[in-house]
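Undergrad: Dropping the structure in here first, questions after.
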Amino acid sequence: MANPAAASPADGVTGTILGQTSIGGTDYILREITIAPGGSTGWHFHDGFVYGVVRSGVLSHYKADCALDGVYHAGESLVENASPDYVHIGRNSGSEPLVLDVLYTLPSHSPLSEDAPAPECAQ
């Protein structure tokens, strides 16, 4: 049996928390994320729902089967499901920085994301 691939690290990603609060066991965190041209989030999942809006640039979003499940341009929004079964990666395939405004709705004290092994199709 083959060993599972190691988690794929983010590349070219920076983030700034713009605001956060906790209400009734849920953390709400608003964050600005910038992904450099050619960069990616790394394969990951979230413990809560994540809502994003592309401020500038283009986001290419891929599912765990490596299929492209959306291309999002400035002004467009997306929702990422809460589940370890929803492994995904976001990439900036463009020549300009990609800037996202992201709202995380997470169980209290959860990490913003959890690293996941790169699927075999991504090798």
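Undergrad: Going by the conditions given, is P9 at pLDDT below 95 and touching a Phe, Trp or Tyr at 6+ places or on another chain (Cβ under 7 Å)?
TA: In short, no.
Undergrad: Inspect region 93-103 for any residue being without any contact (Cβ under 8 Å) to a residue 12 or more places away in the chain and either buried (at least 17 other Cβ atoms within 10 Å of the Cβ) or part of a strand (DSSP E or B) (or both) and give the result as yes or no.
TA: no
Undergrad: Sort out which residues of region 44-69 are at pLDDT 95 or above, under 18 Å from S113 (Cβ atoms) and not in a strand (DSSP E or B), and write them in order of number.
TA: Hits for region 44-69 are H46, D47, G48.
Undergrad: Across region 32-43, which residue is farthest from the chain's Cα centre (by Cα) among those that are part of a strand (DSSP E or B) and of a type in the set (S, T, Y)? Lay out the reasoning, then the answer.
TA: Looking only at region 32-43, we keep the residues that are part of a strand (DSSP E or B), and these are 32-40.
Pick out the ones that are also of a type in the set (S, T, Y) and you get 34, 40.
Numbers: T34: 11, S40: 9 Å.
Top of the filtered list is T34.
Undergrad: May I pose another question? Do you know which residues across region 55-74 are more than 13 Å from the chain's Cα centre (by Cα) and of a type in the set (K, R)?
TA: Selection gives R55 alone.
Undergrad: Let me ask something else about it. Take the residues of region 70-92 that are of a type in the set (S, T, N, Q) and surrounded by fewer than 19 Cβ atoms within 10 Å (Cβ to Cβ): which is nearest to P119 (Cα to Cα)?
TA: Applying the filter and picking the extreme gives S83.
Undergrad: Further question on the same structure: Would you check if there is a residue in region 91-104 being within 25 Å of G19 (Cβ to Cβ) and of a type in the set (G, A, S)?
TA: No, the conditions are met nowhere in region 91-104.
Undergrad: Evaluate the following for G57: is it crowded, with 19+ Cβ neighbours inside 10 Å and over 20 Å from S8 (Cβ atoms)?
TA: When the stated conditions are applied, G57 passes them.
Undergrad: What is the one condition in (1) in a strand (DSSP E or B); (2) closer than 20 Å to A36 by Cβ that L112 does not satisfy?
TA: L112 satisfies all of (1) in a strand (DSSP E or B); (2) closer than 20 Å to A36 by Cβ except (1).
Undergrad: Are any residues in region 84-115 among the small types (G, A, S) and within 13 Å of the chain's Cα centre (by Cα), and if so, which ones?
TA: Within region 84-115, G90, S113 meet the criteria.
Undergrad: Now, a different point. List every residue pair whose Cβ atoms sit under 8 Å apart, with the two residues 6 or more apart in sequence or on different chains, where the first one lies in region 64-77 and is closer than 11 Å to I89 by Cβ and the second, anywhere, is in a strand (DSSP E or B) and basic (K, R).
TA: D69/K63
Undergrad: Out of the residues in region 70-90 meeting the condition of being among the hydrophobic types (A, V, I, L, M, F, W, C) and part of a loop (DSSP other than H, G, I, E, B), tell me which one is nearest to E120 (Cα to Cα).
TA: At the first step, the residues of region 70-90 found to be among the hydrophobic types (A, V, I, L, M, F, W, C) are 71, 74, 78-79, 82, 87, 89.
Then drop every residue that is not part of a loop (DSSP other than H, G, I, E, B), which leaves 74, 82, 87.
Working: A74: 31, A82: 22, V87: 13 Å.
Filtering region 70-90 for residues that are among the hydrophobic types (A, V, I, L, M, F, W, C) and part of a loop (DSSP other than H, G, I, E, B), the one nearest to E120 (Cα to Cα) comes out as V87.
The values are calculated or read from the model by the stated rules, or taken from the named source; none is laboratory data. Quick caveat, the model's predicted, so the values are computed rather than measured. All Cβ positions, glycine included, derive from the backbone under ideal geometry; neighbour counts span all protein chains shown.
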